[in-house]
Structure formats: structure tokens, C-alpha cells
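Each reported figure results from applying straightforward, stated rules to the coordinates on display, with no laboratory input. Model, not experiment: these values are computed from the prediction. FYI the Cβ positions are ideal-geometry reconstructions off the backbone, even for glycines, and counts take in every protein chain you see.
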Amino acid sequence: MLWPGSLLITPELPILERKNWLIYLLYVRRDYDECKAVIKEQLQESHGLCEYAVYVQALIFRLEGKIQESLELFQTCSILNPRSADNLKQVARSLFLLGKHKAAIEVYNEAAKLDEKDWVSVSVSCSLL
């Protein structure tokens, strides 16, 4: 409850996350050109360390058919956050789309080790065999 005369103070977001909400909004609205422009700004401000901006850029590249570029960006995400099974699954998906099925299986297996409760990694890996 706010008291009369009290100020509502919003927390200042770290520079790495400051524009994530806008990137998300533009991506789900499929305004990819504007989304890429905001991602570019965010990556310049964060010196390329904003995992979410890199991740969404990789998703957009994949949608545009730039699979190799998306793979490289998802690999960057995995470097920025090595404990993320989701990042590894995206690396594996890009490898699969590039026809590198054996490498994709290996990466899916790595993702399954990070998150043993994740049935997607295990089932996809098994279906590729």
C-alpha cells in the first residue's frame, strides 16, 4: 500500500537487461527490423554481453534462413551462460538444421546432462539416432 505523498521508486535495471522488455515486445510482435535495431543498441551499450539480446538476434537470424550465423550467436550465448541447457538446445537445433546431425546429438546430450529433468533434450537426441 502506498501512503499519500510517498514516492513510487522503480528499480534501475542493470545495463545488460535494460532493454530486454522492448526486445521481447518487438520480437513477439514480429517487428524484426525494429527489434534488430534495439538489439544493436543494447549490444553496443553492454559491449556484447547481453545474453538475451544475442539470443533473440540468433532466433531472428534463424527465421531469416541465416543458420550458420544463428549457430555462432547461440554458441556465444552458451559462452555467456554455460549452465543454460536452453542455449545448448538452440546450438543443437542449429547444428541439426545445418545437417550436422552427429554434432547435434552430442550437444543435445550435453544439454540433458545440465538439466536431467528436461525430457526434450533426451527425446530429441533419441529421435535423431
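Only one of these is farther than 29 Å from Leu25 by Cα and either among the small types (Gly, Ala, Ser) or in a loop (DSSP other than H, G, I, E, B) (or both): Ala103, Ala111, Ala58. Name it.
Ala103
Please enumerate the residues belonging to the range 44-75 that are under 13 Å from Lys19 (Cα atoms) and free of Cβ contacts under 8 Å to residues at least 12 places away in the same chain.
Once the filter is applied, which keeps residues that are under 13 Å from Lys19 (Cα atoms) and free of Cβ contacts under 8 Å to residues at least 12 places away in the same chain, the range 44-75 yields only Gln44.
Could you list all residues from the range 61-75 that are over 19 Å from Tyr24 (Cβ atoms), in contact with a helix residue (DSSP H, G or I) (Cβ under 9 Å, 6 or more places away or on another chain) and surrounded by fewer than 20 Cβ atoms within 10 Å (Cβ to Cβ)? Walk me through it before giving the result.
Initial filter on the range 61-75 (over 19 Å from Tyr24 (Cβ atoms)): 65-69, 71-72, 75.
Those left that are additionally in contact with a helix residue (DSSP H, G or I) (Cβ under 9 Å, 6 or more places away or on another chain): 66-69, 71-72, 75.
Once the filter is applied, which keeps residues that are over 19 Å from Tyr24 (Cβ atoms), in contact with a helix residue (DSSP H, G or I) (Cβ under 9 Å, 6 or more places away or on another chain) and surrounded by fewer than 20 Cβ atoms within 10 Å (Cβ to Cβ), the range 61-75 yields Lys66, Ile67, Gln68, Glu69, Glu72, Gln75.
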